[in-house]
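Q: Pasting a structure here, questions to come.
The values are calculated or read from the model by the stated rules, or taken from the named source; none is laboratory data. Everything numeric in this text was worked out from a predicted model, so none of it was measured. Quick note on the areas: whole protein, heavy atoms, side chains included, nothing else; ligands and nucleic acids left out. Shrake-Rupley method; radii C 1.70, N 1.55, O 1.52, S 1.80 Å.
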Amino acid sequence: MNTRKRCLLAMTFILALWLLPASPADAGTTRTEFTGSETWVTMLEPGKEFFPDGRYHVRGEVDEFAFEATDPRLDQATNTVTINCNFRLMPEPVYVAGEMWGKFMLANAGGYWEGTWTGSRDENGYSYFHFTGHGGGGYTGLHLQMWGERLTPDPTAPELYYGYILEPGN
C-alpha cells in the first residue's frame, strides 16, 4: 500500500471515529461547571523532608485549606491535602520549583470528594494544579475534575480554581 493510500485510510478512520455518536451512557450525564478559590489554613502534619543532591523533597506533608466555590457541593468545604514534592532550590522570592503530587479529601456538610492531584511550581514561583476525584456521602456516584493556579510565589496566597462535576444519568 503506497503512502497516499495509507494517509487516506488513516484520515477516513479518524473521521469515522469522530462522527460516531456518543455512547448511551454518556447521553444522560450532566456536566456542571464551577469556579472557586482555596486558601491555606494550617499544616496538620509536616511529613518528611530530605535534601539529596541539593534538591528539596517532601513526602507526606498534610495541609488544610478552606475551599469556596460557585457550586454548593464544593462550597464552604475543607480540603485536606497530602503533599509530596521534588523541588529544585531557587533564589528569593521563589525559593523552590518543581513537581508536586498527592491525595486530597474535600468535604463539606453535604458529602466529600476524594482523589489524587498533580501540580508544578515554575521558575517564577507560580503553581498549577489538577485534581481528579470521586464523590462520597451525599456526592456518591459523582466525579470531579478541577484545575487551579496560584500566580504568586507566596504559598499562602489564595489559589483560583475552575472545573466540572459529572453526574451520571439514570
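Q: Accessible area, 1.4 Å probe, largest first: how do Asp71, Asp53, Asp154 sort?
A: Asp53, Asp154, Asp71
Q: Moving to a separate point now. Using a 1.4 Å probe over the heavy atoms of the protein chains, calculate the carbon and sulfur portion of the accessible area of segment 65-159 as a whole percent.
A: Result for segment 65-159: 57 percent of the exposed heavy-atom area is carbon or sulfur.
Q: Please turn the phi angles of segment 85-102 into ³J(HN,Hα) values with the Karplus equation 6.51 cos²θ - 1.76 cosθ + 1.60 (θ = phi - 60°), one per residue in order, whole Hz, x for glycine and proline.
A: Ordered by residue, 3J(HN,Hα) equals 7, 10, 10, 8, 7, 10, x, 4, x, 7, 6, 9, 8, x, 9, 9, 6, x Hz.
Q: Over segment 93-170, average the accessible area per residue using a 1.4 Å probe and give it in Å², no decimals.
A: Using a 1.4 Å probe on heavy atoms only, each residue of segment 93-170 averages 48 Å².
Q: Let me ask another. Give me the percent relative contact order of segment 104-153, please, defined on Cα pairs under 8 angstrom at least 6 residues apart.
A: Relative contact order of segment 104-153: 34 percent.
Q: Something else now. Provide the solvent-accessible area of Trp101, counting protein heavy atoms only and rolling a 1.4 Å probe, rounded to the nearest 10 Å².
A: For Trp101, the solvent-accessible surface is approximately 90 Å².
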